Every structure is written in C-alpha cells, then in structure tokens.
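A.B. asks: Attaching a single structure in structure tokens format; questions to follow.
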Amino acid sequence: MRIDAISIFPDFFQALDLSLLGKARDKSLLEFHAHNLRNYTHDKHRTVDDTPYGGGAGMLMKPEPWGEALDDLLGAEGFHEDTVIIFTSPAGEVFKQATAHELANVKRIIFACGRYEGIDQRVVEYAKTRANVRLVSIGDYVLNGGEVAAIVMVEAIARLIPGVIGNAESLIEESHTDGLLEYPSYTKPASWRGLDVPEVLTSGNHAAIAKWRKDAQIERTKDVRPDLLGE
Ligand code: JBZ
C-alpha cells in the first residue's frame, strides 16, 4: 500500500515514523509520504487561503494548489480505480473499525487535510473525476485541521495490512470480541498496594476464567457503552 498526505503542516506526520508504522515501512508493506501544499503555490507568500464567496467568518483553502498537488500525485489525467482520496472533514462519514478494514485493502490512499474553515468544494468535485473519494471524520469533536484525524486513520489502517502486526493472534482475538469492550486485565504482582488480582484469574480454571472475562465484558459494555449493545 502507498499512502500520501497533503497538508500545510506535513511535519505532523513525523509521528508516523515511530513504532508500528515504522515496522510496516521497514517490511516494505507500506510507503508513506507527506507533501507540503505550499509547494504547489507560485506567489511570494505561498498563499493557500482566501475569503469565502457569499461572506462569512474565516478563510477557506483556495482550489489551485490542491489541483496541482493532486495532479502531481496522480498524473495530469485519467481515473484511478485503485485509489481512494480521503478528505478529512467534520461533514464526513464517521471512521469506524469497519472503515479501517475496507481501506486496508486499497492500493493507494491520498489524505487531503484541510485547515481554516475547509476547502473550496470544487476540489472535492475535481477529485471525484480522478479517483474514488470519501469524506471522513474521526468523531464528533472540533479539531483545528485534518492532520491529527489523518494520523489516527493511518494508524488504524496500517496495523490491519497483512504482515504488519507482530502478533497475528491479537487481530484474531479482536475479531472475536468485536462489539464488546475488553475485559480488565492484570499482571504481577498478585497483590499490590493492598489491591489483589481477582482470585479466579490465578485459579488455573480456564473455563471459569473465560466466563469471568465474558461477564466482565458485558458488564463494562452495559455500563460505559450501552450503544454498542443497541440500547
Ligand atoms: C475532523 C478545516 O479542517 C478541519 C477541521 C475540523 C476537522 C477536520 C478538518 S477533520 N475535524 C474530524 O475528523 O472530525
């Protein structure tokens, strides 16, 4: 897989040089490149923003640098069926684990990370003529721009690329527990600051342990995330 990100703050993506993504790149399963949108401007001030038609507060990202950046990454013409262009946007579909699984099977992803009040809508329309486009949000809170959202998505996607995660069992276990929160877990020492590990976990009774864990998952989910149980 190849992932590109277009942003006025490409340095954000240095976070992806660490740990898990680092491993994916070491193994050549993933190539990642961040691009500075200002490199696609031509004026002295490297301008990427302008005032909105119709008025309103704040600035918008102007279309020309985006068009040049997309053409640089995709070539000047043609539709790329193997590519998804993701606009990080609070107006997008919410990113879920299922979204990560879908995107883990894509050959190429381009993240277009907006700042200010967003990007001129014609950039989205143009992108739709060049590749498959999705508008995606990581959740219902206000961010200053799409970079952190893109980093979240890249991490969630990259660990699902076959061969990336060290421990294949952890992916299998995750799929079994899909839809419930994890059970609480404990390690040594068995007693710490007057707090003891639940006795069943040290009993060696594997059936009892499995039941305790499933019950704990259901209890936790009811308590904290009843929406996951359809309630
Ligand atoms: C996102 C203008 O750029 C923004 C602003 C907020 C925002 C994003 C991009 S992406 N929020 C989200 O994923 O929720």
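The values are calculated or read from the model by the stated rules, or taken from the named source; none is laboratory data. Since this is a predicted model, take the numbers as computed values, not measurements. Note: ideal-geometry Cβ built from the backbone for every residue, glycine included; neighbour counts use all protein chains shown. With ligands, DNA and RNA removed, areas are computed over all heavy atoms of the protein, side chains included. Shrake-Rupley method; radii C 1.70, N 1.55, O 1.52, S 1.80 Å.
A.B. asks: Given a Förster radius of 22 Å and the C-beta distance between D49 and L143 as r, what FRET efficiency does 1/(1 + (r/R0)^6) yield to the nearest 0.05?
C.D. replies: Result of the calculation: an efficiency of 0.80.
A.B. asks: Related question: What order do you get for 199-205, 224-230, 209-215 when each peptide is scored by the mean count of other beta carbon atoms within 10 Å, highest first? Walk me through the intermediate numbers first.
C.D. replies: Working: 199-205: 11.9, 224-230: 10.1, 209-215: 14.0.
Listed from highest to lowest mean packing, they are 209-215, 199-205, 224-230.
A.B. asks: What percent antiparallel are the DSSP beta bridges of the chain, to the nearest 5?
C.D. replies: Approximately 15 percent, going by the DSSP bridge assignments.
A.B. asks: For a test of the definition: using alpha carbon positions, the gyration tensor, and the 1.5 limit on a/c, classify the stretch 57-157 as rounded, prolate or oblate.
C.D. replies: oblate
A.B. asks: Okay, helix-only estimate at 222 nm for the chain: each DSSP H run of n ≥ 4 adds -39500 (n - 2.57), divide by all residues, round to 500 deg cm²/dmol; what do you get?
C.D. replies: Helices in the chain give a 222 nm mean residue ellipticity of -9500 deg cm²/dmol.
A.B. asks: Largest first and to the nearest Å, give the Cα extent of the stretch 108-231 along each principal axis.
C.D. replies: 63, 32, 32
A.B. asks: Report the FRET efficiency, 1/(1 + (r/R0)^6), for R38 and V224, where r is their Cβ-Cβ distance and R0 is 41 Å, rounded to 0.05.
C.D. replies: E between R38 and V224, to the nearest 0.05, is 0.45.
A.B. asks: Still on this model: Let me know the charge dipole size of the chain about its Cα centre in debye, to the nearest 20, where only the beta-carbon of Lys, Arg (+1) and Asp, Glu (-1) is charged.
C.D. replies: Working: 25 positive and 35 negative charges, 89 e Å.
Roughly 420 debye for the chain.
A.B. asks: Report relative contact order for the stretch 88-208 in percent, whole number only (criteria: Cα-Cα under 8 Å, sequence separation at least 6).
C.D. replies: Numbers: 82 pairs, mean separation 38.0, N = 121.
Once divided by the residue count of the stretch 88-208, the mean separation gives 31 percent.
A.B. asks: Have a look at M153, S185, V142 and report the one farthest towards the positive end of the charge dipole of the chain, computed about the Cα centre with Cβ charges (Lys/Arg +1, Asp/Glu -1).
C.D. replies: It is S185.
A.B. asks: At a 1.4 Å probe, what is the % contribution of carbon and sulfur to the accessible area of the stretch 1-123?
C.D. replies: On the stretch 1-123, the fraction of accessible area on carbon and sulfur atoms equals 51 percent.
A.B. asks: In debye to the nearest 20, how big a dipole does the stretch 175-231 give about its Cα centre with +1 on each Lys and Arg Cβ and -1 on each Asp and Glu Cβ?
C.D. replies: 220
A.B. asks: What aspartates and glutamates could a cross-link reach from K211, if we take a straight Cα to Cα line under 15 Å and drop same-chain neighbours fewer than 8 places away?
C.D. replies: E182, E199, E219
A.B. asks: Hey, which lysines would be in cross-link range of K27, C-alpha to C-alpha under 23 Å, not counting anything within fewer than 8 residues on its own chain?
C.D. replies: The qualifying lysines are K107.
A.B. asks: Label points 7 Å out from Cα along the Cβ direction at A98 and I161: separation in nm?
C.D. replies: 2.5
A.B. asks: I would also like to ask the following. So what does the Cα-only Debye profile of the stretch 109-167 read at q = 0.29 Å⁻¹, as log10 I(q)/I(0), no solvent term?
C.D. replies: Per q value, in the given order, log10 I(q)/I(0) is -1.27.
A.B. asks: A further question on this structure: In Å², and per residue, what accessible area does the chain have when probed at 1.4 Å with the other protein chains present?
C.D. replies: Counting only protein heavy atoms, the per-residue value for the chain is 59 Å².
A.B. asks: Using 0.36 nm per residue of separation minus the Cα-Cα distance, give me the extension gain between D11 and T202 in nm, one decimal.
C.D. replies: So the chain would gain 64.1 nm between D11 and T202.
A.B. asks: List the lysines whose alpha-carbon lies under 21 Å from that of K214, not counting same-chain residues fewer than 8 positions away?
C.D. replies: Filter leaves K222.
A.B. asks: Just need the relative contact order of the chain here, percent rounded to a whole number, with Cα pairs under 8 Å and 6+ apart.
C.D. replies: Answer for the chain is 21 percent.
A.B. asks: Still on this structure, I have one more. In the stretch 126-166, whose amide N lies under 14 Å from the spot 7 Å out along Cα-to-Cβ of E77? List them in ranges.
C.D. replies: Counting backbone N atoms under 14 Å from the label point, the list is 130.
A.B. asks: Which whole-angstrom value gives the distance between the alpha carbon centres of the stretch 45-98 and the stretch 99-148?
C.D. replies: 7
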